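Report on the following structure.
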Amino acid sequence: MVTTQNADSVLRSYYLDVIAEQLDKSANPFLAAIKKTTADVWGRDVRKTVRFGLSGGIGAGTEDGALPKTNGTNYAQFVSTLKNLYGTIEISDKAIRASASNEGAFVDLLNDEMEALVKSSSYNFGRMLFGDGSGKLATVSSVSDGNVMDSVQNLAEGMVVDVYSSANTLKTAAVTVTSVDREGKKITLSDGTLAANDYLVVQNSKDLEITGLKAIFAPTGTLYGVDKASHSWLKPYTKDSFGDLSENALQAAIDAVEENGGGKINFIVCSWGVRRALLEALSALRKTDAVTIAGGFTALSFGGVPVVADRFCPAGTMYLLNTDDFALHQLCDWQWLEGEDGKVLKQIPGKPVYTATLVKYAELLCYRPCGQGCLTGVTEK
C-alpha cells in the first residue's frame, strides 16, 4: 500500500540520483561541458586562488653575468557566495490516497512530478548560466498596447515572478506569468499593474543567482570581488557589430581570443540564428560535420570545436569559450531538503498538500576571463 512514508523513501533512494544526473549532464550542453567540484568551498563562500600573467624571474644573460632577478608569480583570490538553488514539487493528499492501492498509478504520479521538476529546474538553471546574477528576466518597454517587454526570451507561462520598479523597489511579489505572446513580445500576469521600465525577477531571486556569462563579460565593475579596472586579465575578448559570419572571420576571432588569453577555445555557444548563419557558411564549403559532446548532445563542428545553440543566448551573439577555465563549485550535489525528522516529503501547514524541495548550493567560476571571447551583432539567418 502506498503511504507518505514509502513515498518519502522512493524520493530519497531512487529519484534523487536520476534527477541529479539529468540536471548535471542533460540539462544544458555548456553545463555538461564544465567540471563540478567541491574544492575551494569554505563555509558559505567559494574562495579560489588563481594565477595570472607570468613569473618575472626569467631572462637571458652573459656567461658570467648576473642571473635574472627573481619575481614571484602573480596571484589573485576570487571570493563569491554560494548561491542557493531550489526546486519544489507538490503532491496533494487526495492524489496519494487515490493511488494508495495502485502502485503503478502512484509511480506515474511521481514520474510526472519529477519530469516537471527537471524541466523547470533545467530551464531556470540554463537561463542563469547566461545571466549576470541579478535575476532580471525582462524589462517593460511599453504598456500602451498591452505589457510589451524588451524581450520574452527568459519568460514562460507558469513562472512566478516579482515585479520591481525602475527605482529597484518591489511593487508586486509572487505573481504568475499566465501568457506569453512571443511574436508581439507581450505578457499577461495573474495580478498587479505594470508600468514602463518595470522589470521582472524570478520570485525571491533578485541579486541571488549564480554568476553567469553576462557578468563575466561585463566591461566594468568587479568579478568575484576583484576590480576589473585594475586587472586587465579579467576582461575577455569582445568584438561588437561583428556582421556577416564566414569561416575566415570566425577563425580570425578565435585566433584573437587564443592570442589574447593564451588558451585554447574548445566550446562555442550561440543563438539559434547565429548557428543557422554558420551552417549556411559551412554548407557552401561542404564542411557541415557534427560531433557528439558531453551529456549526449549533438553539435555542429567548426574545426573540431563543437558549436551549440542555446535558447538563452542573446540574439546575434556567439561565445567562444575554453571550458577548462570554468568550474561549478558546489557544497554538495543536488539533495532533498530534510526536516528535523529526516523526512523529505512534508505537509504544508494548513493545507492537504505534501511538498519536497530539491536544493543545491553552488557558484560558477571562470578562472581566466581573458581566455574567453564574445562576438555580438552577428548577422542572423
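Being under 24 Å from Leu223 (Cβ atoms), exposed (fewer than 15 other Cβ atoms within 10 Å of the Cβ), assigned by TED's automatic domain parsing to the domain that holds Lys119 and modelled with pLDDT of 85 or more: is that true of Thr88 here? For Thr88, the condition - under 24 Å from Leu223 (Cβ atoms), exposed (fewer than 15 other Cβ atoms within 10 Å of the Cβ), assigned by TED's automatic domain parsing to the domain that holds Lys119 and modelled with pLDDT of 85 or more - is not met.
For the stretch 159-168, residues that are surrounded by fewer than 18 Cβ atoms within 10 Å (Cβ to Cβ) and within 30 Å of Ser26 (Cβ to Cβ) total 1. Going through the stretch 191-237 one residue at a time, which ones are hydroxyl-bearing (Ser, Thr, Tyr), farther than 29 Å from Ala173 by Cβ and surrounded by 14 or more Cβ atoms within 10 Å (Cβ to Cβ)? Those that are hydroxyl-bearing (Ser, Thr, Tyr), farther than 29 Å from Ala173 by Cβ and surrounded by 14 or more Cβ atoms within 10 Å (Cβ to Cβ): Tyr224, Tyr237. In the stretch 1-54, the residue that is surrounded by the most Cβ atoms within 10 Å (Cβ to Cβ) out of those that are in a strand (DSSP E or B) and of a type in the set (A, V, I, L, M, F, W, C) is Val46. Determine whether Ser301 is farther than 18 Å from Thr376 by Cβ and touching an Asp or Glu at 6+ places or on another chain (Cβ under 7 Å). In short, yes.
Within the stretch 114-158, the set of residues being farther than 17 Å from Ala27 by Cβ and either among the aliphatic types (A, V, I, L, M) or in contact with a Cys (Cβ under 8 Å, 6 or more places away or on another chain) (or both) comprises Leu137, Ala138, Val140, Val143, Val148, Met149, Val152, Leu155. Of the residues making up the stretch 308-336, those that are over 16 Å from Phe267 (Cα atoms), in contact with a Phe, Trp or Tyr (Cβ under 7 Å, 6 or more places away or on another chain) and of a type in the set (Asp, Glu) number 0. With the stretch 147-209 as the region, which strands (runs of 3 or more DSSP E) entirely inside it contain at least 1 residues that are touching a Ser or Thr at 6+ places or on another chain (Cβ under 9 Å) and closer than 18 Å to Gly133 by Cα? Where strands (runs of 3 or more DSSP E) fall fully within the stretch 147-209 and carry at least 1 residues being touching a Ser or Thr at 6+ places or on another chain (Cβ under 9 Å) and closer than 18 Å to Gly133 by Cα, they are 160-164, 199-202. In the set (1) without any contact (Cβ under 8 Å) to a residue 12 or more places away in the chain; (2) assigned by TED's automatic domain parsing to the domain that holds Thr193, the condition left unmet by Lys119 is number (2).
The values are calculated or read from the model by the stated rules, or taken from the named source; none is laboratory data. Not measured: the values here are computed from a predicted model. Every residue, glycine as well, gets a Cβ built from its backbone with ideal geometry; the counts of neighbours run over all protein chains shown.
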